[in-house]
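First comes the structure, then the notes that go with it.
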Amino acid sequence: MAVRVIAAGLLAGSVLLTGHCAEARERWSPTQAAVWYERQPWWVGSNYTPATAINQLEMWQAETFDPVTIDREFGWAQTLGMNAMRVFLHNLLWEQDPKGFTKRLDAFLAIAERHKIKPLLVLFDSCWDPEPRLGPQHPPIPGVHNSGWVQAPGRARLEDVSQYPKLQAYVEGIVGTFAKDERILGWDVWNEPDNDGGGNYPRQADKEGLVVHLLGQVFDWARAQNPSQPLTSGLWREDDWSSGHLSATEQIQIDHSDVISFHDYHWPEVFEQRVKLLQSYGRPLLCTEFMARGTGSTFDGSLPIGKRNNVAMFNWGFVDGRTQTRLPWDSWQKPYTRDEPTLWFHEVLRGDGTPYRQAEANLIQRLSAAPRGVVPAT
């Protein structure tokens, strides 16, 4: 997710789950992953939240689930040539109403299928507000980027080992229900797991240590459902991602992911270096976050590199709305309440569906229409 922070120190202790987990399937071999990827188109899309939702909870709760808006916005995405979306779920939605949540997710998948879009579903997320609450969500904070996004699991659930069976039930329930569903691209089990939060929220003590001892179990819970779709969790910190230089969290991500995913919000030359490094792991690559215009990460710079190297590409943000991620990260320190930023940070489309930059829309259409690995001349 679009947050750049320094993670907390690693704990030496351990966290043990109470209860028994079914034997998980093996991680795909490089050959199995390559065979799966060869059958896929070049995936291109966005990290998606409908313009009417401030966060994952508002997107999915029964009172605010908005299939009309989703259908309209996915129509716009299809016109652009997009065929994938990265979409965040939340454990509290399962705890609140598993049948209702499953029904709404199924309806969402039906809309996506009509528009020839496959979602990459995110189970957990360590970014922004550590105190998620069900029910009505607060309105956007004026001038602030992603001012209502919530972590999953929240601080209390992550710290309380006795509550982990609820997390296990969520993962097994959602993945198990949709394990063979061909409408789903894959499962991103935890977004930026070692992120300490971001924004102006208080940091959680020993968060990375808790995550290190839970992340592998989350992979196991999901894999035990024998999903036909790949599992992954994306590298994101500004580290050396070569073998022997990984943090404890990154090592788990690499060791457990069927396909390798990563985030990059840098200039195109850095993006290309990271692609070349990650190719050494011998697995398909998915860039699950990029495109922050103010940091030098743009469609013009990164998208052709991704296409040429057969890297699936998901920019952050699709339609400008209640997440307000057209505003930059620094809006948490200096809110844009008087003037708009000179340059939109994220998002592809304005609220009425028109492109923020027509040249970007044209590029997405041109690259998505070209054969695999081909970047057509302008």
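Since every read-out is calculated from the coordinates, none of them should be taken as a lab result. Note that the coordinates shown come from a computational prediction; the quantities given were computed from them, not determined experimentally. With ideal geometry, Cβ positions are generated from the backbone for all residues, glycine too; neighbour counts draw on all protein chains shown.
All other residues whose Cβ lies under 12 angstrom from that of R104 are scored, Lys and Arg at +1 and Asp and Glu at -1, for a net of -2.
Backbone geometry of the range 341-351 corresponds, through the Karplus equation with coefficients 6.51, -1.76 and 1.60 at θ = phi - 60°, to 3J(HN,Hα) couplings of x, 4, 10, 4, 7, 10, 5, 9, 10, 6, x Hz, x marking Gly and Pro. Across the range 263-272, rounded Karplus estimates of 3J(HN,Hα) from the backbone phi angles (6.51 cos²θ - 1.76 cosθ + 1.60, θ = phi - 60°) give 10, 8, 10, 10, 4, x, 5, 6, 4, 5 Hz, Gly and Pro being marked x. Taking every lysine pair in the chain that is 8 or more places apart or spans two chains, those with Cα atoms closer than 26 Å amount to 15. Residues whose amide H lies under 5 Å from that of Q151, counting only those 5 or more places away or on a different chain, are D129, E131; hydrogens are built 1.01 Å from N in the peptide plane. In square nanometres, what is the average projected area of the Cα convex hull of the range 20-75? If I average the Cα hull's projected area over directions, I get 7.2 nm².
Beta-bridge orientation, the range 179-307: approximately 10 percent antiparallel, per DSSP, counting only bridges with both partners inside. Amide H contacts of E192: G234, each under 5 Å away and 5 or more positions distant or on a separate chain (H built 1.01 Å from N in the peptide plane; Pro and chain starts excluded). Taking amide hydrogens as placed 1.01 Å from N in the peptide plane, the amide H of S297 sits under 5 Å from those of A292, each at least 5 positions away in sequence or on another chain. Remark: relative contact order (the range 30-369) = 21 percent; criterion is Cα-Cα distance under 8 angstrom and separation of 6 or more residues. Based on alpha-carbon atoms, the Kirkwood radius and the radius of gyration of the range 175-237 give Rg/Rh equal to 1.06.
Taking Lys and Arg as +1 and Asp and Glu as -1, the other residues whose beta-carbon sits under 9 Å from that of T249 total -2.
Couplings for the range 324-339, taken from phi via the Karplus curve 6.51 cos²θ - 1.76 cosθ + 1.60 with θ = phi - 60°, read 6, 7, 5, 7, x, 4, 5, 5, 5, 9, 9, x, 8, 8, 9, 10 Hz in order; Gly and Pro are left as x.
Among beta bridges from DSSP that stay inside the chain, the antiparallel ones total about 10%.
Filter the GluC sites (Glu not before Pro) in the range 143-188 to those in DSSP coil with at most 15 other Cβ atoms within 10 Å of their Cβ, and list the result.
E182
The dipole here belongs to the range 30-369: it is taken about the Cα centre, uses +1 on the Cβ of Lys and Arg and -1 on the Cβ of Asp and Glu, and is about 800 debye. Loop-located GluC sites (Glu not before Pro) in the range 235-344 (DSSP state other than H, G, I, E, B) with a sparse environment of at most 13 neighbouring Cβ atoms within 10 Å: E238. In terms of other Cβ atoms within 10 Å, T378, T69, T298 run from fewest to most in the order T378, T69, T298. In a DSSP loop and with at most 16 other Cβ atoms within 10 Å, the trypsin sites (Lys or Arg not before Pro) in the range 312-357 are R338, R350, R357.
As a size descriptor, the averaged projected area of the C-alpha convex hull of the range 30-369 was calculated at 15.6 nm².
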